[in-house]
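What follows is a single structure, written as structure tokens, with notes after it.
Each reported figure results from applying straightforward, stated rules to the coordinates on display, with no laboratory input. Predicted model only: the values in this text are computed from it and were never measured. Positions of Cβ are backbone-derived with ideal geometry, glycine not excepted, and every protein chain shown enters the neighbour counts.
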């Protein structure tokens, strides 16, 4: 019954989160893999990088995303998003219940995961990666408390994980923490570590060695393995300018929740109401550091703290007793929950409206109807949708910020978009014919002031600024002025 509540919660949470900017280039990449039976290793979608080498670190997740679209269009994609969100919460519920040995407290743990996961619940490869993180914690918990043979599922997990999302590197760190602390025995008040049996410890070590070999089974080779570290250490523009990599503001609701849960955990330890194991304290420290450094990592923090806090709170709420349960009432509640999930699932038209509200749908129609030609400069957030909806127009840049930082394009665009460089210099360098920009971009007000440029289209979220047809080079199509109100 509690699981059915989590299912409804998952659907209600993601039903309005369909149009993530990164969805579209992931979808297009999946289509390329599906139709060509090859995994692209160079940039295929922009004209600014000169087909620069690209690491296909999410190719398997992208293939899954496209398969969902091929099966059911936009509703198919939404079904996959609901499925991933529900799987995340249900797997978290199982993990927290195993830790606490109490399914009621496990439900509260799942709600903690949900609260922090809302920072990034969208149809992206990271959803699959974080599900795998929960699965890894489940396998290690089963291996150390039940049969150590569970450890040998880890290599199979990692061979899929490395081809879905770069968070596999976190999985290796988590495994190393458990193995390292398995050799320690000490106690300092309610903080303790218990040495594992030699056979159990050896089997975990062997499973992790096999897992290290498993991650080499990827199309990008050693570069794909080191990609997550390269991103964190050698891409300052990505880390410094993309909102989801910004440091956590502790005054925000999730920042307050993070501090409150950490305080609760340590108060339970300090008052000897609950224990904290050494492996748990290390993982909490890692999760807290990641979340405070980068907002998107709140997702990871929630996954790491939920089972620990569930175990610590287990004795404060009586466990499940089947004899006291009302099976008939539960069945009715489950049926009602499934019905609510079915009704809450958005229609195809609703999904189209979500896309139109956030993506330049009408602007793309205008570009095609008026046969705009030549190089296009587009807003960073619009790049993904343009890759999917207008593949005949190579983009200037898109959400694959890594390849644009490697080539210097991201730096150039950032200086241009924030008026730190001559607005006309970048346009001349890339011989830009028209710009598709967010309506709120400062350049929307600057470009019409330049010689040869004028606004030719505008709607609620996008603006097209093109070279003056009477002054532009031969071959540029004449564009009508937009009608009043458009």
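Annotations
- Out of every Cα-Cα pair that region 253-293 contains, those further apart than 15 angstrom amount to 45 percent.
- Label zone at residue 38 (point 7 Å along Cα-to-Cβ), backbone N below 18 Å, region 60-77: 60, 63
- When peptides 186-196, 303-313, 169-179, 125-135 are sorted by average Cβ neighbour count within 10 Å, with the highest value leading, the order is 303-313, 125-135, 169-179, 186-196.
- The chain, helix-only ellipticity at 222 nm - DSSP H runs n ≥ 4, -39,500 (n - 2.57), divided by all residues, nearest 500: -19000 deg cm²/dmol
- Evaluated on region 2-336, the Kirkwood hydrodynamic radius is 21.2 Å, with distances taken between all distinct Cα atoms.
- Rounded Å value of the spacing that divides the Cα centres of region 170-193 and region 124-140: 20
- Between the helical axis of 2-14 and the longest alpha-carbon principal axis of the chain there is an angle of about 20 degrees.
- Solution diffusion estimate, µm²/s, Stokes-Einstein, region 232-383, Kirkwood Rh from C-alpha pairs, 20 °C, viscosity 1.002 mPa s: 103
- Distance between the modelled labels on residue 273 and residue 149, one decimal in nanometres: 4.1 nm (7 Å Cα→Cβ projection).
- Take the Cβ atoms of residue 50 and residue 450, set R0 to 30 Å, and the FRET efficiency comes out at 0.70.
- C-alpha center-to-center spacing [region 8-42, region 279-298] in angstrom: 27
- Rounded tilt (10° steps) of 125-145 against the dominant C-alpha axis of the chain: 10
- Fully extending the segment from residue 429 to residue 415 would add 3.6 nm, taking 0.36 nm per residue of separation and subtracting the current Cα-Cα distance.
- Full extension of the chain segment joining residue 322 with residue 336 gains 2.9 nm, where the gain is 0.36 nm per residue of separation less the Cα-Cα distance.
- Hull shadow area, averaged, region 35-137 [alpha-carbon convex hull, nm²]: 8.4
- The antiparallel fraction among DSSP beta bridges confined to the chain stands at about 70%.
- Annotation for region 211-232 versus region 303-370: alpha-carbon center distance of 33 Å.
- Anisotropy class of region 319-375 from Cα gyration tensor, a/c 1.5 cut: prolate
- Subtracting the Cα-Cα distance of residue 350 and residue 184 from 0.36 nm times their residue separation leaves 54.2 nm of extension gain.
- Projected over every direction and averaged, the convex hull enclosing the alpha-carbon atoms of region 359-467 yields 6.1 nm².
- The order of the peptides 25-33, 275-283, 346-354 by mean Cβ neighbours within 10 Å, most packed first, is 25-33, 275-283, 346-354.
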